[in-house]
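Please read the structure below before turning to the comments.
Derivation of every value follows stated rules applied to the coordinates shown; laboratory data play no part. Predicted model, so just to flag it, every value in this text is computed and none were measured. All Cβ positions, glycine included, derive from the backbone under ideal geometry; neighbour counts span all protein chains shown.
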Ligand SMILES: Nc1ncnc2c1ncn2[C@@H]1O[C@H](COP(=O)(O)OP(=O)(O)OP(=O)(O)O)[C@@H](O)[C@H]1O
């Protein structure tokens, strides 16, 4: 039993010993592993320390410390091998970089200033260097073989953001100026434009470049108006983008390569901030500009402008006044910045570039420079496009088409509006034949600015494109209305044709109807605000018509060019936004107000004989400044007009000239000359105020009411109307077919009446002067007779007298003649000097027997009973009459009585 238990105990102890042994083994292995890990860690830590400090940069104490490390030998050995391998590879690094910069920054972009500074560049600007030198850097080791150039991309590659360190402004100016003069000296003059803005100052930004500020190569902006610069840049971006779209290209660079021409200059905008964030709106604008700029060849150099832009931006952060860290080289390498180029040499270089640019652009351009080499080569199917001026030697065009259908021109008196119109008309007329372009020209100004475009006494030539020339129409607003009516009718005619051909615009209509005559119509109305000068029917109708034409003219090729002196004209648009909005082309002459958008001040600073052209409804980014050549001096336009006249006059009729200052002469008037014997004779009372040269006539058919009353005391006009009525009728009867009976109760007019009688007799007619009107009226029998009664009012007292034994007075006979005469061919043309006397004459019979009348110096409200009770607006004025014919008129119209021979000049 004892043995058995001892044996058992032995077995247990043996098993425990085995377990203990196993545990010992495991613990020993763990301790060993830990020791090895600790040694590895110490080795790695040593390696890290050495790498962090750098083998060559360690102090002797440090070296000593490291060498005591048990793994020192091994670590130094391994690091030495790595370093050796690395430096074997890198020994080529600086040389490679030097070569790279040399290739991408050729000539002034990277070379030493002594090699190029002061010479004018030749690069045409189709391609550009990829890099521009700012300094150098030296790789570890410190020796010169490890130095390489540091250069940054600019222009359409990348923007550049520079951050200053304290007191480094002069250094930054040096960097920026170095870069700019490198760029300016690379390209031919005119290929680069520099825009400078500094939040802190207006004048002293990069002064060494100032010689360039007399050209377009350098512009400065107001410190408080960053928006002006950003607007301008945004405008360029939009324009370049739009041009690119037409070419199917997304960047200016692609377009340049595709077209193999520069197209637009490179632009560099330098923005000096102060480290503070911009106001939110500006920051937003800047971000927007920055993101579209590079594709438009616009590069920003921003100094201390904190902004996150989503475009390619390289950075340069100054450490002190000689050194910087650059995004091109990374944070491990310090850039040694190039020193500023010598001020005197930079000034001289800038001066030479400026002089070369001025020489290249030539002197101021003339009107002839606007003209093409060959006349009339362009098609107006899609649009009208013509240069009207120049900016820095480059032509600036006006486009009239779908996007800019109508134009508004403003500028104070003497600012050159009329001159601009001549430049525009000349440039257009020289490019488009009269088949492509028809002009309707109206000038409400007192004066004759367009008169030369119609045949005149001194010069028989005319502008063959002109269909209508209206001058001195300031008192004849109705003529403006007539033009608008004409345009509205033409609009309808074109719409109908378009509908018939199932097209929607002029270009398609011309294609669908190649035989049709569909020129683009441009109607120019100078001082158009006269149209709205009054709270009357003319204003109301003009507004309505203008709106209609403005809205629908675009697609039918009917365009309006409205010019006005400043505010007055534009005020006329208040409450009529439709017209204003449709005038997307705005032209502001110097000091013009309200023509451009509210916040767009470009016209304020525009120099003399310049204009700000804007195809974007006057929003600042659409501004294009242009010098307008002198087009209105003696003989300038006339020379072109003679060329055009020689070319086209045989094929195109002369324009209609309407001159409000001159009354027409009956004997020269086409409607009078064309009169022939007719079964329906018409009495011509005067000229209609209309686009066509029409006469206003009264049909004297044998029907009740066909009498004519001339109303008012203005003798010259009254005599004229009586005269032209009689003489025009005389032409429509064969001798003997009609009898004229003339009675004159106004002594002063007797000679004129006698003279008329003579003329009528000379034409072979019977013309009887009567003294005793009562007996003449009593004995009148049927058959064609024209009674010409001068001053019926003066005859009334004797007509009212009833002779002894007579049942009827002369007045009774007159009433009978007025009532029953027309039906039997007896028509009365009578002159009453007052409306009250006419009413007395008619008595209780009502006004029906006076079917037509021409009113002179009488008030409109007196005329209502004779115009079917409607309100008559009429401000009497010399040389004009208000005419109404019950059978043909809805409302009275203004007419111009003919000039009587003795009044003719
Ligand atoms: N670009 C120019 N170059 C030289 N002379 C010019 C130019 N523009 C206008 N002029 C001259 O200035 C004068 C006034 O110009 P213009 O008649 O065109 O001004 P306006 O604005 O139409 O003035 P207003 O409304 O009083 O008629 C004219 O004698 C004209 O010859």
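Which value at 222 nm does the chain reach when only helices count, each DSSP H run of 4 or more adding -39,500 (n - 2.57), with the total divided by all residues and rounded to the nearest 500 deg cm²/dmol?
-12000 deg cm²/dmol
Which order do the peptides 408-416, 510-518 take when ranked by the mean count of other beta-carbon atoms within 10 Å per residue, highest first?
408-416, 510-518
The chain: percent of C-alpha pairs farther apart than 48 Å? The partial results should precede the final answer.
Details: 204677 of 409060 pairs.
For the chain, the share of Cα pairs beyond 48 Å comes to 50 percent.
I need to check one value: relative contact order of the stretch 59-200, counting alpha carbon pairs closer than 8 Å and at least 6 residues apart, in percent.
After rounding, I find 26 percent.
By how many degrees, 0 to 90 and rounded to 10, does the Cα axis of helix 477-500 deviate from the longest principal axis of the chain?
Helix 477-500 sits at roughly 70 degrees to that axis.
Between the helical axis of 72-90 and the dominant principal axis of the chain, each derived from Cα atoms, what acute angle in degrees is found, rounded to the nearest 10?
On a 0 to 90 degree scale, this one is about 40.
Please report the relative contact order for the chain, taking Cα pairs under 8 Å with a sequence separation of at least 6, and give it as a percent rounded to a whole number.
On the way: 1731 pairs, mean separation 79.5, N = 905.
It rounds to 9 percent for the chain.
Applying a 10 Å radius around every beta-carbon, put 217-224, 20-27 in order of their mean neighbour count, most first. Don't skip to the answer; put the middle values down first.
On the way: 217-224: 17.0, 20-27: 10.0.
So the peptides 217-224, 20-27, ranked by packing, come out 217-224, 20-27.
What's the FRET efficiency of residue 493 with residue 888 using the Cβ-Cβ distance as r and R₀ = 22 Å, to the nearest 0.05?
0.50
Full extension from residue 859 to residue 502: what is 0.36 nm times the residue separation minus their Cα-Cα distance, to one decimal in nm?
123.5 nm
With a cut-off of 8 Å between alpha carbons and a minimum separation of six or more residues, what is the relative contact order of the stretch 399-493 in percent?
Value for the stretch 399-493: 22 percent.
Could I have the simple spin-label model distance between residue 875 and residue 761, label points 7 Å from Cα toward Cβ, reported in nm to one decimal?
Going by the 7 Å Cα→Cβ label model, 4.6 nm.
Give me the angle, in degrees from 0 to 90, between the Cα long axis of helix 280-293 and the longest principal axis of the Cα atoms of the chain, rounded to the nearest 10.
Tilt relative to the chain: about 80 degrees.
Just to be sure I understand: if I project the alpha-carbon convex hull of the stretch 452-499 onto a plane and average over all orientations, what area do I get in nm²?
Mean orientational projected area (the stretch 452-499, Cα hull): 4.3 nm².
On full extension of the chain, what length is gained from residue 204 through residue 115, given 0.36 nm per residue of separation minus the C-alpha to C-alpha distance?
Length difference between fully extended and current span is 29.2 nm.
Suppose the chain between residue 848 and residue 737 were pulled fully straight at 0.36 nm per residue; how much longer would it get relative to their current alpha carbon spacing?
Values: separation 111, 0.36 × 111 = 39.96 nm, distance 2.74 nm.
The span from residue 848 to residue 737 would gain 37.2 nm if fully extended.
Based on alpha-carbon atoms only, what is the radius of gyration of the stretch 239-365 relative to the globular estimate 2.2 N^0.38 Å?
1.34
Could you give the alpha-carbon Rg of the stretch 840-905 over 2.2 N^0.38 Å, rounded to two decimals?
With N residues counted in the stretch 840-905, Rg over 2.2 N^0.38 Å equals 1.23.
Based on the Kirkwood radius over alpha-carbon pairs, what is the Stokes-Einstein translational diffusion coefficient of the stretch 666-903 at 20 °C with 1.002 mPa s viscosity, in µm²/s?
121
What FRET efficiency, computed as 1/(1 + (r/R0)^6) with R0 = 56 Å and r the Cβ-Cβ distance, is obtained for residue 512 and residue 665, rounded to the nearest 0.05?
After rounding to 0.05, the efficiency reads 0.80.
Ratio of alpha-carbon Rg to the 2.2 N^0.38 Å globular estimate for the stretch 292-398, to two decimals, please.
1.79
Indicate the gyration tensor shape class of the stretch 193-239 (rounded, prolate or oblate), computed on the Cα atoms with a ≥ b ≥ c the square roots of the eigenvalues: a/c under 1.5 is rounded; otherwise a/b larger than b/c is prolate and the rest oblate.
oblate
With only alpha-carbon atoms counted, please give the Rg and Dmax of the stretch 15-90, in Å.
Here Rg and the maximum Cα pair distance are 19.2, 66 Å.
Taking the highest mean first, how do the peptides 754-766, 777-789 order by number of other beta carbon atoms within 10 angstrom per residue?
Sorting 754-766, 777-789 by mean packing, highest first, produces 777-789, 754-766.
Can you pull the one-decimal nm distance between simple spin-label points at residue 539 and residue 840, each 7 Å off the Cα toward Cβ?
The two pseudo-label positions are separated by 3.8 nm.
Between Rg and the Kirkwood Rh of the stretch 103-361, both from Cα atoms, what is the Rg to Rh ratio? Could you put the intermediate results ahead of the total?
Details: Rg = 17.6 Å, Rh = 18.6 Å.
The Rg/Rh ratio comes out at 0.95.
What shape does the stretch 363-422 take by its C-alpha gyration tensor, where a ≥ b ≥ c are the square roots of the eigenvalues and a/c under 1.5 counts as rounded, a/b above b/c as prolate, and the rest as oblate?
oblate
Return the distance in nm (one decimal) between the two label points of a simple spin-label model at residue 258 and residue 702, each offset 7 Å from Cα along Cα→Cβ.
The modelled label-to-label distance comes out at 7.8 nm.
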